[in-house]
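The values are calculated or read from the model by the stated rules, or taken from the named source; none is laboratory data. Because the structure is a prediction, the values reported are computed rather than measured. Please note: Cβ atoms are built from the backbone with ideal geometry, for glycine as well, and neighbour counts cover all protein chains shown.
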Ligand code: SF4
């Protein structure tokens, strides 16, 4: 058999196999509106119930490709939304608001916890089974410029989902799309136009029309007005409110614009580094925020009254990296009310008033009543962290705290470290900084203890050289390690 013939036979065999497979596996069909409506819905079930939801992104893998470090974008988030209401999700950039919205919709795989939609646990469903819920849960994107295909007309964009999910019979699609456009404030002549012919506000209306055309029950609005002018923002917000009232829609409204959140939502959830800091009714939270982070955040809301003096709370420092969040309360590095407990005990998420949840030790009686005991636990915890840290750089943060809490224990640690490590450090390359820092600390040390350690170090050096230990006057004049000639350091760096 010639080569050519052989390849043709193999190719025909593969084609035949593919055709057989196609026959065996019918295309997954998109469920119709009627099929979706048939799904039983428990009457008292909230439309959305999120419990201990987690989404971690791997940022480092080992040799075998197994993730070893994670960015905890959403970490143990819980909340409930009733039908026909709106919940606002607020927080600084990078706090996990957008990831939360996308994880609820299962656009990202869930790493822990549950998402219940109308009583159905979505976490257990396969992606094919999720089709049933795709029309009932929709997303309005932040950027109306990049979220619309420039090659499709407005009519095609809005009707795409309607046709795919068989929302109305095929012959009624055109009229139905025109009706949705009218509802969203888009004129019928826009049907055949392309997105580039519209302003930002009109584009966002197209995005809203596209989401609402499939008759959703839950809409996740991901910063829907942040890319728009202020006057257009008001139009879009009013449109969303009208549509909510008309169709009993439920919104998860993600935004960093607190004035908008105050206007449109029934409850507010404040997020920081993937955790919920505070959750409660919008009026209550705006009237009396409890969490120090919420207080700082809400103090920035402008007051439309020139006679009212604003008491801005300016937070110090940047938001820490979610890849390496602080231990204990994640907000403790920027909190002006930080206590020792906050540095090593993660605050619980407690209901401090009816329907008002706060994750802060200031509202935890158990922590407040045990403050002396907790100080002792903190010192023990610091010692454990110092012992566990692999590098000196990793220990320094805890050593500074140990010195603040218990200077005596810090001095004892420093003496032991100098006596134990000084000779080792002399021979290790790349440890110049560590040695220099230990010597600086020695210079700061209390006089008597410093003299004892210096004498001990000098004695060891002298015994190594085979000479007598110097007298005490000589010890005081012994050159510090960082005053060694350059040549000595060069020798150390080469490890020779
Ligand atoms: S737990 Fe402590 S650090 Fe965190 S917000 Fe409350 S007071 Fe501040």
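Worth pointing out:
- Selection within the stretch 210-220 - closer than 16 Å to residue 160 by Cβ and either surrounded by 22 or more Cβ atoms within 10 Å (Cβ to Cβ) or in contact with a strand residue (DSSP E or B) (Cβ under 8 Å, 6 or more places away or on another chain) (or both): 210, 211, 212, 213, 214, 216
- Residue within the stretch 280-298 that is within 23 Å of the chain's Cα centre (by Cα), more than 16 Å from the ligand (Cβ to nearest atom) and not in a helix (DSSP H, G or I) present: yes
- In the set (1) more than 20 Å from residue 300 (Cα to Cα); (2) modelled with pLDDT under 90; (3) buried (at least 19 other Cβ atoms within 10 Å of the Cβ), residue 223 fails one condition alone, (1).
- Residue within the stretch 215-230 that is out of contact with any helix residue (DSSP H, G or I) (no Cβ under 6 Å at 6 or more places or on another chain) and in a helix (DSSP H, G or I) present: yes
- Qualifying residue in the stretch 124-143 (condition: modelled with pLDDT of 90 or more, more than 22 Å from residue 251 (Cβ to Cβ) and assigned to a loop (DSSP other than H, G, I, E, B)): no
- The criterion of at least 1 residues that are at pLDDT below 90 is met, among helices (runs of 4 or more DSSP H) falling completely within the stretch 1-118, by 3-24, 33-38.
- Test: residue 317 is surrounded by fewer than 13 Cβ atoms within 10 Å (Cβ to Cβ) and touching a strand residue (DSSP E or B) at 6+ places or on another chain (Cβ under 8 Å): no
- Scanning the stretch 336-392 for residues that are without any contact (Cβ under 8 Å) to a residue 24 or more places away in the chain, closer than 23 Å to residue 297 by Cβ and within 14 Å of the ligand (Cβ to nearest atom) gives 338, 342, 346, 347, 348, 350, 364.
- Hits in the stretch 309-335 (condition: under 18 Å from residue 96 (Cα atoms) and away from the ligand (no atom under 12 Å from the Cβ)): 318, 319, 320, 321, 322, 323, 324, 325
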